[in-house]
Amino acid sequence: MVAINSTSTEIRCQEKSRGGLSYEVILAEPAPNVAVPKRPVTPGKNVSAEEIEQKLKAAEERRISLEQKKMADLTNKLAKIEEATRKKDEIANEFINQTKEQLESKMEHHVEKREAIISDLKEKLKIHSQEIEKTREQLEQQKISEKVAIEEKLKSAQSLRDDYIKKMLERLKEHERRAELVRQNKAAQQPLTDENVEPIASSG
């Protein structure tokens, strides 16, 4: 919308933007009673050396203050970085120590378990060796006992055999003696029988 008035040079223009905002531009001659703002008085060339020195000193102080602030910020940042690094190192060291302790504990448990297994095996081997030695002694004793029993049986058998042979010899001797007696008796009785026999008379 543009409005032009023939009695004045004021021009109004209203435009609406795409975002929904509207603004108005006025083109007109300045009003006669409007106070013109005065430009700030710039310092002239009549500036004293003392003022320049003070300005330079103030600028130097500002620069130093700015540098100190930067140094303080940098120191603070470095302190934070050092603190974070220290905490990180502490966490890493704690993790390393815990891992080391866990590994040492596992190694100790493994060693204890291995020693217990070895000790158990040694004990079993010892018991087995004792049982073998006991069995060997029992077999040796049994062997000796059987040998003694066999020897006793052999002696008994030999004694019985000797007794049997002795009895048989005695029976043979007794038999021969009786046979001899019978022969002697028979021989003694034979002549007596011949003498006592009378001649038989013949019938005629």
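Any read-out appearing in this document is the output of simple, stated calculations on the displayed coordinates, not a laboratory observation. Note that the coordinates shown come from a computational prediction; the quantities given were computed from them, not determined experimentally. Reconstructed Cβ throughout: ideal geometry from the backbone, glycine too, with neighbour counts over all protein chains shown.
Does the range 83-163 classify as rounded, prolate or oblate by the C-alpha gyration tensor (a ≥ b ≥ c root eigenvalues; a/c under 1.5 gives rounded; else a/b over b/c gives prolate, otherwise oblate)? Here the range 83-163 falls in the prolate category.
The alpha-carbon of LYS126 sits under 17 angstrom from the alpha-carbons of these lysines, leaving out residues fewer than 8 places away in its chain: LYS134. Listed by chain and number, the lysines whose C-alpha is less than 18 Å from the C-alpha of LYS166, apart from same-chain residues fewer than 8 away, are LYS155. Rounded to the nearest 20, the Cβ-based charge dipole of the range 78-175 about its Cα centre (Lys and Arg +1, Asp and Glu -1) stands at 720 debye.
Name the lysines eligible as straight-distance cross-link partners of LYS70: C-alpha to C-alpha under 23 Å, and not fewer than 8 places from it in the same chain. Reachable lysines: LYS55, LYS57, LYS80.
Placing unit charges on the Cβ atoms of the charged side chains and taking the dipole of the range 43-166 about its Cα centre, the candidate lying farthest along the positive direction among GLN138, ALA59, GLN102 is ALA59. When the charge dipole of the range 51-204 is built from unit charges on Cβ atoms (+1 for Lys and Arg, -1 for Asp and Glu) and taken about the Cα centre, the candidate among SER119, ALA187, SER129 whose Cα reaches farthest toward its positive end is SER119. Full extension of the chain between MET168 and GLU112 gives 12.0 nm of extra length, using 0.36 nm per residue less the Cα-Cα distance.
Fully extending the segment from THR135 to LYS87, taken as 0.36 nm per residue of separation minus the present Cα-Cα distance, adds 10.3 nm.
For the set LYS153/LYS173; LYS147/LYS173; LYS124/LYS147, the pairs lying more than 32 angstrom apart at their alpha carbons are LYS147/LYS173; LYS124/LYS147.
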